[in-house]
Amino acid sequence: MFVQLLLLAITAAPDVSARGLRELTTNGEVLLLPRHQRQPFDAWLYTHSRESCAAIAAGMIDVENYPQRFPNVESVTATRSEGTVSYAMELTVTLSPTIRGSVTQTGPRTLRYNDAETKAFSIYELSDDDDGSCAVRYQIVEEAGKSSGWVSIMKSLEKTAGDAGNYAAALSSARGFAKPELRPVVKRTRAADDALSILAGRGTVITVNRRGPKPTYTLRRRITTPFSDVAWAIRNKKGYAEKTPVVKASSDGGKTASYTIGGFGGRVSFQTIVTDEVDANGTLTVDEAVSGGDLTADNGGWHWRVEPVDGGVDVELAFEADFVAGSRLLSTMAESDPIARESFMLHVALAFMSDLVGGKSLPQSATTIAREGLR
């Protein structure tokens, strides 16, 4: 889906190294959501393409070729005038409106999109890598009070799914030009860990892994909430249904748990096996592996890690559960439009992190970054 959002080049994070981002995007995209469930939506997306920046820039201008780049773009009509290409796109997505806008290359590595309906715009920044590939960085911001056609459909199905709908649409747009998992694997060094630490202190950072059969998501935050409060929020399975609307029912059996997860009109009921440990350094890990119900054991699960840090905790959620597989309705939606799968999975993962854990961000201080050599 071609997103009608405001996209601005990343210039506000000079202390996050290009090398670290290159390593983090070796398996998929990296997302940064500074605030949950706030309007207008304001977030970042980082990705990397094995194509050159020149080829990507040319591809963005070549709107008539979008049906070959985007599987959900059915047709495009365009007119050209004084360096600007105006277009009207028809999508294969049910009920989606015609998307009208324009694109202009404003510099060798910058392109500006304008939305004719909402007056939102987007600016992509492309950066050449030494191996001829291209790093793509941009900020995603909805125009105040207005959502894209796709996000409006998602919010009509699930009113709290704005963050997930925006991100799923943004990912679909970015993947028309950049599929980072098609590049050779880049060895991960401390630069990637440093970049994650910095980003996790600025909101929820999500790394997407697309090298497996289905995408998986790892969410991470540094927050000021005390360790004991976060540990209780994660361990109290019975309270999940009280804290987040995505969990319709939940029960705690100690070493087992039961859930009903719902959204976009579908529901999935299943059981998990729970493993809970605290290591010698005081780090809590809680694993939940699907064991039955509408899902089978090969539908995965999720893994929490809570590490005490100065001023709060560092929380990570590795989310590998395929809830879509347990619902005929959700599976049908996902088969007809892959963005629906991404929307639902991100919706549940973000709800777990924001509704269950919550908390205020705990940024890495400039002193810490300098002392520890984070760059």
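Bear in mind these aren't lab numbers, they're just calculated from the coordinates by the rules spelled out. Predicted model, so just to flag it, every value in this text is computed and none were measured. Note that we place each Cβ from the backbone using ideal geometry, even for glycine, and neighbour counts take in every protein chain shown.
A compact table of results
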item	result
Close Lys-Lys pairs in the chain, where close means Cα under 20 Å and separation is 8 or more or interchain	14
Under 9 Å, Cβ to Cβ, from R109 - net charge with Lys/Arg +1 and Asp/Glu -1	-2
Global form of the stretch 157-308, assessed from the alpha-carbon gyration tensor, a/c cut-off 1.5	oblate
Local electrostatic count, E277, Cβ distance below 14 Å [Lys/Arg +1, Asp/Glu -1]	-2
Cα shape, the stretch 42-112, gyration tensor, a/c 1.5 rule	oblate
P(r) histogram, all alpha-carbon pairs of the chain included - 20 Å bins from 0, percent	29, 58, 13, 0
Kirkwood-Stokes translational diffusion coefficient of the stretch 185-239, alpha-carbon pairs, 25 °C, 0.890 mPa s, µm²/s	181 µm²/s
Förster radius 51 Å - calculated FRET efficiency between T84 and D279, Cβ distance, rounded to 0.05	0.30
Cα shape, the stretch 225-359, gyration tensor, a/c 1.5 rule	prolate
